[in-house]
Amino acid sequence: MGKWFHAHLDIEGVLKNHDLNQWRGACHGDEGNYLSPDEIRERFKANLAQGVKVLPVGYTEKECPDFDYAGGACPGHEVKPDE
């Protein structure tokens, strides 16, 4: 039996290594509007200030209830031999 892990985004890594102009149209605000690169940067910095270092990518808390936002990310999920 093995484990599989959900993907996550490392906020510090994105801020350091990505041109956020390439993220235009990728993130939605609270009202459903697309965020500008500056708004995305500010949201990421606010997350870091709150101790959030990683974010889940493409799934919900219901699918990964033990996700560790402080840096541990997805702890892994057991895979049954028939899966």
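For region 1-55, taking the residues that are touching a Gly at 6+ places or on another chain (Cβ under 6 Å) and basic (Lys, Arg), the one that is nearest to Pro75 (Cα to Cα) is identified as Lys3. Within region 1-59, count every residue that is hydroxyl-bearing (Ser, Thr, Tyr) and under 24 Å from Gly71 (Cβ atoms). The qualifying residues number 1. Put simply, of Gly58, Gly51, Gly71 the only residue that is surrounded by fewer than 12 Cβ atoms within 10 Å (Cβ to Cβ), modelled with pLDDT of 95 or more and either among the basic types (Lys, Arg) or outside any helix (DSSP H, G or I) (or both) is Gly51. Within region 22-42, being under 16 Å from the mean Cα position of the chain (by Cα), surrounded by 11 or more Cβ atoms within 10 Å (Cβ to Cβ) and either hydroxyl-bearing (Ser, Thr, Tyr) or under 22 Å from His6 (Cα atoms) (or both) holds for Trp23, Ala26, Cys27.
Scanning region 48-70 for residues that are without any contact (Cβ under 8 Å) to a residue 60 or more places away in the chain and hydrophobic (A, V, I, L, M, F, W, C) yields Leu48, Ala49, Val52, Val54, Leu55, Val57, Cys64, Ala70. Conditions first: (1) assigned to a loop (DSSP other than H, G, I, E, B); (2) in contact with a strand residue (DSSP E or B) (Cβ under 8 Å, 6 or more places away or on another chain); (3) loosely packed, with under 10 Cβ neighbours inside 10 Å. Glu78 passes all but one, so which condition is the exception? Only one criterion in (1) assigned to a loop (DSSP other than H, G, I, E, B); (2) in contact with a strand residue (DSSP E or B) (Cβ under 8 Å, 6 or more places away or on another chain); (3) loosely packed, with under 10 Cβ neighbours inside 10 Å is unmet by Glu78, namely (1). Working only within region 1-30, note down all residues that are assigned to a loop (DSSP other than H, G, I, E, B) and modelled with pLDDT under 90. Passing the criteria: Met1, Arg24, Gly25, Ala26, Cys27, Gly29, Asp30.
The values are calculated or read from the model by the stated rules, or taken from the named source; none is laboratory data. Remember, predicted model here, so these are calculated numbers, not experimental data. Cβ sites come from the backbone with ideal geometry, for glycine too, and all protein chains shown count toward neighbours.
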